[in-house]
Structures are given as structure tokens and as C-alpha cells.
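Contents: one structure, followed by commentary.
Laboratory data are not the source of any read-out in this text; all were calculated from the coordinates shown. Just so we're clear, the structure is a prediction, and the values are computed from it rather than from any experiment. Cβ placement follows ideal geometry from the backbone for every residue including glycine, while neighbour counts extend to all protein chains displayed.
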Amino acid sequence: MSRPEGLAGRTAVVTGAGGGMGLQIARDLQAAGALVVGLDLKERPAELEDALYERGDVSDDGFVGAAIGRAFAARGRLDLLVNAAGILLFERDKSLIEIDLAVWNQVIAINLTGCMLTARHAIPRMRESGGGALVHFSSIQCLRGDDRPQDAYQVAKGGILALSRSIAIQFASDKIRSNVILPGPTESPMQARWQAEPAMKHRTAAVVPLGRVGTVQDMADACLFLLSERAAFITGTELIVDGGLMARP
């Protein structure tokens with residue numbers, strides 16, 4: 001596969017770069033010639049030894065503002081933002097009538113407010129750089145109901161769609177694009193339970209029309225497309241990457 005166009009020489013901030021989708025995206029952006037600045041609470045992965053890396057909480061406005069300021073200062077520009085950080089708390093994230101408010105607030109803070117904060121600090125820098133592209137990770141979970149609800153996660157991921165569309169319209173005249181990826185079931189550290197229960201993964205794959213769960217590379221490929229010049233006329237929209245699951249009747 002040829003490399004996406006227009007990424008060499010760009011400066012990219014990737015949240016959640018400490019593992020999973022964020023790490024794969026950061027690695028692929030580096031391979032495409034971008035300067036990558038990773039943001040995560042986790043320690044720097046060995047694979048990002050040559051990248052800039054900031055450890056902190058994406059729901060902390062002070063941390064986010066300072067980290068993005070340093071990313072901009074590295075080359076005097078900021079072109080790309082990927083919001084891949086997120087948490088999925090499974091048994092603690094429940095129906096709205098049961099969920100502990102501290103859990104609700106934590107999930108909303110990291111999964112939604114974190115996206116707002118990074119965009120809030122990145123967009124002025126993108127304006128100074130002559131434009132840019134943002135990609136935010138949501139989930140197909142926000143498009144449907146669930147008999148085993150995770151209401152905080154679902155609401156946060158739905159909010160990302162509304163936030164991205166608003167960004168796309170507000171800042172289109174600044175040549176800033178904003179889009180969302182909605183992954184389906186994906187093998188990543190967030191689904192570590194599949195390692196302990198492989199039968200659960202196989203049952204999930206069985207209902208996906210393409211016959212498998214997604215990989216972090218699937219999500220990285222979609223993300224780099226939306227960041228690249230090949231997607232120059234795409235903004236304010238969502239790309240479902242789920243092996244056809246949402247197309248099922």
C-alpha cells in the first residue's frame with residue numbers, strides 16, 4: 001500500500017499513543033514522515049523512542065494546553081490531531097439508573113472532554129499553520145441501544161460526533177477539517193478480556209459480516225486516510241470501520 005499523501009513534514013499530536021490504536025497511528029504517522037507528539041498517561045512505548053512524548057491526563061486542561069504548546073514550538077506548526085485516548089470500564093459503566101456518578105464523570109471527562117480540550121488548544125495553532133485535520137475516535141456503540149448498557153461510554157462517544165461536526169463547520173474557512181472514525185469490535189488492549197476468554201472474541205467475530213474482528217492497523221489505515229490530502233474534501237462526517245456489522249438487518 002502506498003503512503004497517504006501530505007503527511008511528510010507535518011506535526012501531529014496523537015492522544016492515547018501509549019498503546020493500541022493510538023500507538024499504531026503514531027507509528028504509521030512517523031513512517032509517513034510526520035513529527036509525532038504522543039500524549040498518554042502510560043509510559044512511553046519503546047516503539048516511540050524517537051517521538052516526542054508527554055505523560056499526562058487528557059482531561060487536565062493545563063496539561064493539554066502545555067503539551068500542545070510544546071508540540072507547536074517543536075517546528076513552529078501544528079497540522080494534525082488524533083483523539084484516540086479513551087477508557088472502557090465494562091462492569092462499572094452501567095445504566096443511568098445504576099451508575100456511580102464518579103464513574104460517569106470519569107468516562108465523560110476522558111472520552112469526551114479530553115477531545116474538546118485537545119481541539120480547543122490545537123485549533124488556534126492550526127490556524128497559525130494555515131490549516132489542519134482532526135480525527136476523533138468514537139464507536140459504533142453510540143449508534144444503537146444495548147441490553148447491557150454502558151451509558152457513560154455511549155453518551156461520550158455520541159457527543160464526539162456532535163463536537164466534530166460543529167468543529168468542521170466553524171473552522172472550514174480556516175482550512176481545518178474534522179472527522180470521526182467509529183470502530184466496530186477491535187482487538188486492542190481495551191479488549192484484553194479476549195485474551196482470557198478467546199471464545200468471546202470468536203463469538204463476536206461470528207456476527208461480523210467480514211468474519212473477523214478489527215485490528216489496530218485497520219483503524220490506523222482509516223485514520224491516516226482521513227488525515228491525508230486524499231481526504232481533502234471530506235469534513236464533518238463519520239467513517240464506520242466495523243467489517244459491515246452496522247449494515248446487518
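Listed values, structure above:
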quantity	calculated
Backbone HN-Hα couplings from phi across the range 96-103 [Karplus 6.51/-1.76/1.60, Hz, Gly and Pro as x]	4, 7, 10, 5, 5, 4, 5, 5
Calculated semi-axes √(5λ) of the Cα gyration tensor in Å (choose from (1) 28, 20, 18; (2) 27, 23, 18; (3) 38, 22, 15), label	(1)
Over the chain: helical MRE at 222 nm, DSSP H runs n ≥ 4 each giving -39500 (n - 2.57), nearest 500	-12000 deg cm²/dmol
Summed side-chain charge close to SER178 - residues other than SER178 whose Cβ falls under 15 Å, Lys, Arg +1, Asp, Glu -1	+3
DSSP loop GluC sites (Glu not before Pro) with at most 14 other Cβ within 10 Å: longest gap in the chain	99-249
Total charge dipole magnitude, the chain, about the Cα centre, Cβ charges on Lys, Arg, Asp, Glu only, Debye to nearest 20	460
The range 86-226 shape via C-alpha gyration tensor axes, a/c threshold 1.5	oblate
The range 9-121: C-alpha gyration tensor shape, a/c 1.5 cut-off, then a/b vs b/c	prolate
Under Karplus coefficients 6.51, -1.76 and 1.60, residue-wise ³J(HN,Hα) of the range 58-64 in Hz, glycine/proline x	5, 8, 9, 4, x, 4, 4
Candidate lysines - alpha carbon under 24 Å from LYS42, same-chain residues fewer than 8 apart omitted	LYS157
Amide H contacts under 5 Å for LEU39, placed H, 5+ residues apart	VAL14, THR15, GLY16, ALA17, GLU54
For the range 45-165, size of Cβ-based charge dipole, Lys and Arg +1, Asp and Glu -1, in debye	540
Estimated vicinal HN-Hα couplings, Hz - the range 226-242 in sequence order (Karplus 6.51, -1.76, 1.60; Gly, Pro = x)	5, 7, 7, 5, 5, 10, 4, 10, 10, 7, x, 10, 10, 10, 8, 10, 9
